[in-house]
Amino acid sequence: MKAAFFTGAKQPFTFQDVAVPEPGPGEVRIRCHASGICGTDAHYWDGTLPLQSPWVLGHEPVGTIDALGDGVTHLREGDRVGVSWVQEGCGRCGFCQRRKPDYCDDQYSWMNLGGGHAEYMIARAAGCTLLPDGLDWAVAAPLFCAGYTVMSGYRNAQAKPGDRVGVIGIGGLGHLLVQVAKAYGHEVVAITSSENKREEARQLGADEVLVVKEHAGKALADMGGVDVAISTSNDMKHNSQVIEGIRHEGKLVSMAISKEKMEIDPLFLLDHQIRIIGSQQCGREDLVEILGLAASGKVKPMLECYPLEAVNEVMQRLAEGKVRYRAVLTHECG
Ligand SMILES: [Zn+2]
Ligand SMILES: [Zn+2]
């Protein structure tokens, strides 16, 4: 089978023909149909995050199960599935005992089983989630990281009916989050630093768009503020400023990955009784929920699709910030 191998930081991926892998006990083999490319992949590719090499990336894979390992009973050959980053925990630690494998230190993921930038991959059966009927492969792929992440962010925000929701950053994650918040009936303010995203944010469903020119929080307060601000942006200056645009007893949910710090005025937090919440993928029910929203047409990822062979070109586009929302590799399947 053909697989795209990461061979080291800033090195081009190389294509190699390797044996089709066999699933071990508790595992399945998946014929990959599509594999999303995430911002995190760029961090591995440029060496910001360490990764062994050679290795196959791809933590947003979807495909058809074509072989079952021993002991797999709940999945069948031919099932359409996707695989999330955390597939299964060790089963024995305190977190696993509480059915919280996302916190386990010894979990199965693409980093020890290999990812979806290949014709076939191996996954833990416990890491597979069935796709709703009719959901397109390329549409489903980015939901396994980007979609799952924003759904957990929305859940952690615990926005109440009638709450006005601010979405900070209108990119791969934010463009999905605007649609999720609209699907649940909120008035949505899209907060971006890109003037050229104003119109698209409206088309995604945002009721108002704040293009940040100076102080994000003061401008947001001038627009009436929000009850909940959910950040998908790594711009820590904007994330810090936005707090001043959050209403009393409101919340900021942060999904940023940055080495910079947030700057917070403790008196403002106290006066307004604002809560700051960190959020990542946590709870498979969030993944199932966003798959359902996509299957019903309420959430539509905006995609750039490429053949698997174009992985180097796509990583280059991602590194240069040219991928506008989400890139997906689609695999030719016989
Ligand atoms: Zn990801
Ligand atoms: Zn564990």
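The values are calculated or read from the model by the stated rules, or taken from the named source; none is laboratory data. In this text the structure is predicted, and so the values were computed from the model without any measurement. With ideal geometry, Cβ positions are generated from the backbone for all residues, glycine too; neighbour counts draw on all protein chains shown. Please note that ligands, DNA and RNA were not included when accessible areas were found on the heavy atoms of the full protein model with its side chains. Shrake-Rupley method; radii C 1.70, N 1.55, O 1.52, S 1.80 Å.
Below, the figures for the structure above:
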{"quantity": "Cα centroid of region 227-270 to Cα centroid of region 123-199, whole Å", "calculated": "19 Å"}
{"quantity": "Carbon + sulfur, % of accessible area of the chain - ligands and nucleic acids excluded, 1.4 Å", "calculated": "49 percent"}
{"quantity": "Segment Lys10-Asn196, length gained on full extension (0.36 nm per residue, minus Cα span)", "calculated": "64.0 nm"}
{"quantity": "For region 107-122 and region 46-69, distance of Cα centres in Å", "calculated": "3 Å"}
{"quantity": "Expected 222 nm ellipticity per residue - DSSP helices of 4 or more, -39500 (n - 2.57), all of the chain, to 500", "calculated": "-7000 deg cm²/dmol"}
{"quantity": "Restraint check, Lys10/Lys237; Lys218/Lys261; Lys218/Lys251; Lys213/Lys237; Lys182/Lys259, Cα-Cα greater than 23 Å", "calculated": "Lys10/Lys237; Lys182/Lys259"}
{"quantity": "Highest to lowest packing among 135-147, 240-252, 47-59, scored as the average C-beta count within 10 Å", "calculated": "135-147, 240-252, 47-59"}
{"quantity": "Cα gyration tensor shape for region 150-278, rounded if a/c is under 1.5, else prolate or oblate", "calculated": "rounded"}
{"quantity": "Percent of beta bridges antiparallel (DSSP, the chain, rounded to nearest 5)", "calculated": "50 percent"}
{"quantity": "Selected from Leu252, Ser240, Gln316, residue furthest toward positive end of dipole (region 203-334; charges at beta carbon)", "calculated": "Gln316"}
{"quantity": "Proximal charge balance of Ser240 [Cβ under 10 Å; K/R count +1, D/E count -1]", "calculated": "-3"}
{"quantity": "Surface accessible to a 1.4 Å probe, per residue, for the residues of region 37-136, Å²", "calculated": "46 Å²"}
{"quantity": "The chain, dipole about Cα centre (Lys/Arg Cβ +1, Asp/Glu Cβ -1), debye to the nearest 20", "calculated": "400 debye"}
{"quantity": "Listed residue (Gln97, Gly78, Trp110) projecting farthest to the positive dipole end of region 57-116, Cβ model", "calculated": "Gln97"}
{"quantity": "Near-label residues of region 224-260 by backbone N, under 20 Å of a point 7 Å along Cα→Cβ of His43", "calculated": "230-240, 253-260"}
{"quantity": "For the chain, fraction of C-alpha pairs farther apart than 25 Å, in %", "calculated": "52 percent"}
{"quantity": "Residue-level accessible surface for Asp265, protein heavy atoms, 1.4 Å, Å²", "calculated": "90 Å²"}
{"quantity": "Residue-normalised accessible area of region 150-278, expressed per residue, 1.4 Å probe, Å²", "calculated": "46 Å²"}
{"quantity": "Net charge of neighbours whose Cβ lies under 9 Å from the Cβ of Leu113, counting Lys and Arg as +1 and Asp and Glu as -1", "calculated": "0"}
{"quantity": "GluC sites (Glu not before Pro) within region 53-134, DSSP loop, no more than 13 other Cβ atoms inside 10 Å", "calculated": "Glu77"}
